[in-house]
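Taking it in order: structure first as structure tokens, then the write-up.
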Amino acid sequence: MVSMNQKKRVGYVISDKMDKTVIVRVDRRVRHRMYGKVLTLRSRFMVHDPDNSVKVGDLVEIQESRPKSKLKRWKVLSVLEAAKDMGSSKILEPVNIDEVMEEVVETEEESEAEEESEAEEVVEAEEESEAEEESEAEEVVEAEEKQNKDN
């Protein structure tokens with residue numbers, strides 16, 4: 001016998017690691033009675049998902065049901081909005097800080113080496129341009145000397 005007054009809530013799936021169970025976070029906004037400040041209260045519900053179709057990030061509608069286990073008293077009614085596929089995101093994967101620091105040090109060393117090589121190239125280019133200017137100046141002087149001799 002199903003009651004028509006079963007509660008319904010809408011929330012986001014925050015965990016789907018268990019078999020046939022997801023954890024849904026439901027946010028509700030409440031005004032404080034005395035101070036009038038709007039507070040966001042969050043509740044977490046363990047929800048029955050019989051076919052494991054719901055994924056993390058989905059917006060789902062849940063409904064009260066008979067107890068399925070010690071803490072599970074809700075079931076998934078529908079998926080209102082599917083989560084965007086993040087592909088192989090590294091955001092959720094655990095990180096080894098030593099590996100990250102090694103990568104940072106390597107990239108810093110590479111960038112320093114590149115800067116040094118660029119600086120050397122700039123110095124060489126300046127030296128070449130100075131040498132060209134000197135040779136041009138010498139040619140001009142020689143040309144003037146020839147004109148003076150001819151006159």
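Would you check which residues across region 58-86 are of a type in the set (Gly, Ala, Ser) and in contact with a strand residue (DSSP E or B) (Cβ under 7 Å, 6 or more places away or on another chain) and list them?
SER65, SER78
Can you give me the number of residues within region 53-71 that are under 15 Å from VAL10 (Cα atoms) and loosely packed, with under 10 Cβ neighbours inside 10 Å?
Number satisfying all stated conditions: 0.
Looking at region 80-90, is at least one residue surrounded by 14 or more Cβ atoms within 10 Å (Cβ to Cβ) and at pLDDT 95 or above?
No, region 80-90 contains no residue that is surrounded by 14 or more Cβ atoms within 10 Å (Cβ to Cβ) and at pLDDT 95 or above.
Among the numbered criteria (1) modelled with pLDDT under 95; (2) closer than 19 Å to GLN6 by Cβ, which one does LYS72 miss?
All conditions are met except number (1).
Across region 3-52, what is the total count of residues that are surrounded by 12 or more Cβ atoms within 10 Å (Cβ to Cβ), of a type in the set (Ser, Thr, Tyr) and closer than 17 Å to LYS72 by Cβ?
2
The values are calculated or read from the model by the stated rules, or taken from the named source; none is laboratory data. Quick caveat: nothing in here was measured; it's all calculated off a predicted structure. For neighbour counting, all protein chains shown are included, and Cβ atoms are generated from backbone atoms with ideal geometry for every residue, glycine included.
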